[in-house]
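J.: There's a structure below that I have some questions on.
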Amino acid sequence: MASNFETLRSDFPILDQQVNDERLVYLDNAATAQRPNQVVDALVHFYQHDNANVHRGVHTLAERATSQYEAARAKVQRFINAAKTDEIVFTKGTTDSLNLIASTYGEANIQAGDEIVISIMEHHSNLIPWQQLALRKHATLKYIELTTDGELDMADAANKITDRTKIVSVTHASNVLGTVNPIKALARLAHQHGAVMIADGAQAAPHMPVDVQALDVDFYAFSGHKMLGPTGIGVLYGRENLLATMPPYQFGGEMIGFVHRDDSTWAELPWKFEAGTQNIAGAIGLGAAVDYLTQLGMDQVQQHEQQLVNYLLPKLIAMPGVTVYGPQDPQHHTGVIAFNIDGLHPHDAATALDMEGVAVRAGHHCAQPLMAALGLVATARASFYIYNTQADADQLLTSLQATKEFFKHGTV
Ligand code: PMP
């Protein structure tokens, strides 16, 4: 593996290409990250040498596949400092993890009149499952609002979380504003009122050290594909005592203890929540991604991105005709930066940037209630990861300048 942030780009051959005759500058990492050779090689190696279904077989390949699948679980456990591997459930991704909680814990514990508290900056994945659960159960969904700086309003959180609250579910880091939320403080509030605390870690686990025990969360959800791993694999961390009392999510093979004609018993944790043949290669690939990030060091990953944000954010904010959303202080900002160019639809901005080789996203970023709260329909969004450099930040600034000129004068 390349040893530092300058040389690791060679692990990502996809980055070494031209787009529209320009050097590719990939700044859409909040949507999905790229995979290093080490992850691709782990997938290829598994399919070429060890592929078999897990848990069921006694033959050598089945044992190899099982031990690699379970080793990946142990890697994830260490990565987020969970107390036990029993607390790590493999899912399809963050969306699946959050739906799992809503369909099992939520279905079993929410009653008419109960309250579920989320924030206005949630991705639809951490909004619709709770909205629909509240509708099904005649419960109330409440939103913690933002301060004018684009941070979570903790005074509002203290008002919204009450003795009627049963679930608090808030994103650890925003996929639009780049805000990092005080999950530990929210967990304290939730627990004071007897509610469970869920954190959506999709934009946090790939970018900063996460310790679920220190955060004191009851559930933590994240996706493999945003942290160098394959698509279709994700994680739900859940406290053992909660997972143990929750009903299964789906029924079928793999998740049973014993099946009788008229009733069944369930497998031990975590397999009770892993019905059917799982994404075995995906889990092993995620394990390789965890190895890669662990070798880099999550403190270093966070520091690298922070340096890029410290460099870029003030320059972007100072650029005439550009509005940056979310906290304006780089120290309060992850490498996810939403912005607009005055008078230009973000789709046009993103298309113009693509002509310069710069890949950014434009749209509502699956956060329509947040957009409405900000009085917006859409934004452009640049999002950084381990392989991005200051040269990438400079290219974004240069291309934004060229885009502004083009739309002002009709020529670059
Ligand atoms: N939550 C947040 C904060 C996200 O950014 C995303 C992905 N954009 C998700 C949830 C959903 O993740 P996935 O599509 O991998 O399930």
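No value in this document is a laboratory result; all are computed from the given coordinates. This is a predicted model, so every value here is computed, not measured. Here the Cβ positions follow ideal geometry from the backbone for every residue, glycine too, while neighbour counts run over all protein chains shown.
J.: Run down the aspartates and glutamates and flag those whose C-alpha is under 14 Å from the C-alpha of Lys166, throwing out any fewer than 8 positions away in its chain.
T.: Reachable aspartates and glutamates: Glu107, Asp114, Glu115, Asp218.
J.: Let me ask something additional. Tell me, what ³J(HN,Hα) does each residue in segment 156-166 have, in order and in whole Hz, if you take phi through Karplus 6.51 cos²θ - 1.76 cosθ + 1.60 with θ = phi - 60° and put x for Gly and Pro?
T.: Values per residue, Gly and Pro as x: 5, 4, 5, 6, 6, 8, 10, 5, 8, 6, 10 Hz.
J.: Now for a different question. Order by neighbour count: Ile120, Ile88, fewest other Cβ atoms within 10 Å first, most last. All intermediate terms of the calculation are to be shown ahead of the outcome.
T.: Details: Ile120 18, Ile88 27.
Ascending Cβ contact count within 10 Å gives the list Ile120, Ile88.
J.: Follow-up question, since we're still on this one. Suppose we keep just the alpha-carbon trace of the chain; what are its Rg and Dmax in angstrom?
T.: 22.0, 75
J.: Please name which of His260, Gln395, Pro248 has its Cα lying farthest along the dipole of the chain towards the positive end, using unit charges on Cβ (Lys, Arg +1; Asp, Glu -1) and the Cα centre as origin.
T.: Comparing the listed Cα positions along the dipole, His260 ranks first.
J.: Would you work out the relative contact order for the chain, in percent, from Cα pairs under 8 angstrom that are 6 or more residues apart?
T.: On the way: 827 pairs, mean separation 89.2, N = 412.
Computed value for the chain: 22 percent relative contact order.
J.: Plugging the Kirkwood radius over Cα pairs into Stokes-Einstein for segment 222-301, at a temperature of 10 °C and a viscosity of 1.306 mPa s, what D comes out in µm²/s?
T.: 110 µm²/s
J.: Between Asp342 and Thr140, what is the FRET efficiency for a Förster distance of 45 Å, r being their Cβ-Cβ separation, to the nearest 0.05?
T.: Rounded to the nearest 0.05, the efficiency is 0.70.
J.: I'd like the distance separating the alpha-carbon centroids of segment 86-141 and segment 188-227, in whole Å.
T.: What the calculation gives is 14 Å, centre to centre.
J.: Identify all lysines with a Cα-Cα distance to Lys160 below 28 Å; exclude those on the same chain that are fewer than 8 residues away in sequence.
T.: Lys137, Lys142, Lys184
J.: Mind listing the phi-derived Karplus ³J(HN,Hα) values for segment 87-92, rounded to whole Hz, using 6.51, -1.76 and 1.60 with θ = phi - 60°, and x for any glycine or proline?
T.: 8, 10, 9, 7, 10, 7
J.: Per DSSP H run of at least 4 residues, take -39500 (n - 2.57); add these up for the chain, divide by its residues and hand me the 222 nm value, nearest 500 deg cm²/dmol. Each step should come with its number before you reach the end.
T.: On the way: 13 runs with 149 residues, N = 412.
About -11000 deg cm²/dmol.
J.: Search the structure for amide H atoms under 5 Å from the amide H of Ala275, placed 1.01 Å from N in the peptide plane, and list their residues when 5 or more places away or on another chain.
T.: Amide H neighbours of Ala275, under 5 Å, 5+ apart: Gln250.
J.: Something else now. What's the exposure ranking of Tyr325, Tyr311, Tyr220, going from fewest to most Cβ atoms within 10 Å?
T.: Lowest to highest Cβ neighbour count: Tyr311, Tyr325, Tyr220.
J.: Continuing with this model, one more query. Give the span of segment 25-176's Cα atoms along each principal axis, as three whole-Å numbers ordered largest to smallest.
T.: 56, 44, 27
J.: Same structure again: If you put +1 on each Lys and Arg Cβ and -1 on each Asp and Glu Cβ, how big is the dipole of segment 1-110 around its Cα centre, in Debye rounded to 20?
T.: For segment 1-110, the charge dipole is close to 340 debye.
J.: Projected area of segment 179-243, taken from the Cα convex hull and averaged over every viewing direction, in nm²?
T.: 4.8 nm²
J.: Need one number: nm distance between label points at Ser67 and Asp394, each 7 Å from Cα along Cα→Cβ, rounded to one decimal.
T.: 5.0 nm
J.: To continue, here is another question. Under a Cβ-Cβ cut-off of 11 Å, what is the net charge of the residues other than Leu186 that fall near it, where Lys and Arg count +1 and Asp and Glu count -1?
T.: Summing Lys and Arg as +1 and Asp and Glu as -1 gives +2.
J.: Could you calculate, for segment 1-103, the ratio of the Cα radius of gyration to the Kirkwood radius, expressed as Rg to Rh?
T.: Value, to two decimals: 1.05.
J.: What is the ratio of the Cα radius of gyration of segment 210-363 to 2.2 N^0.38 Å, with N the residue count, to two decimals?
T.: 1.47
J.: In terms of modelled amide H atoms, which long-range or inter-chain residues lie less than 5 Å from the amide H of Asp153?
T.: Correct list: Glu145, Leu146, Thr147.
J.: Note down the magnitude of the dipole of the chain about its Cα centre, charges +1 on Lys and Arg C-beta and -1 on Asp and Glu C-beta and zero elsewhere, to the nearest 20 debye.
T.: Dipole about the Cα centre, nearest 20: 500 debye.
J.: The chain: longest stretch without exposed GluC sites (Glu not before Pro) (DSSP loop, at most 10 other Cβ within 10 Å), sites themselves excluded? Present the calculation step by step, with values, prior to reporting the outcome.
T.: On the way: sites that count: Glu6, Glu268.
The longest uninterrupted stretch comes out as 7-267.
J.: ³J(HN,Hα) across segment 56-65 via Karplus (A = 6.51, B = -1.76, C = 1.60, θ = phi - 60°), whole Hz, x for Gly/Pro?
T.: Running phi through 6.51 cos²θ - 1.76 cosθ + 1.60 with θ = phi - 60° gives 8, x, 9, 6, 4, 5, 5, 5, 5, 4 Hz.
J.: Still on this structure, I have one more. With springs connecting C-alpha atoms under 10 Å apart, model the chain as a Gaussian network and identify which of Gln278, Gln17, Gln203 has the largest mean-square fluctuation.
T.: Gln17
J.: Ala74 versus Thr7, label points 7 Å from Cα toward the beta carbon: distance in nm?
T.: 3.0 nm
J.: Take the Cα radius of gyration of segment 326-412 and divide it by 2.2 N^0.38 Å, with N its residue count; two decimals is plenty.
T.: Output field value: 1.11.
J.: For the chain, what proportion of DSSP beta bridges, expressed in % and rounded to the nearest 5, is antiparallel?
T.: 55 percent
J.: Right, here's the next one. What is the sum of charges around Asn37, taking Lys and Arg as +1, Asp and Glu as -1, for the other residues whose C-beta is under 14 Å from the C-beta of Asn37?
T.: Net charge in that neighbourhood comes out at -2.
J.: With only Lys, Arg, Asp and Glu charged, each at its Cβ (+1 for the first two, -1 for the last two), find how big the charge dipole of segment 100-234 is about the Cα centre; round to the nearest 20 debye.
T.: For this selection, approximately 280 debye.
J.: Please name whichever of Phe46, Leu286, Thr94 sits farthest to the positive end of the charge dipole of the chain, dipole taken about the Cα centre and charges placed at Cβ: Lys and Arg +1, Asp and Glu -1.
T.: Going by the Cα projections, it comes out as Thr94.
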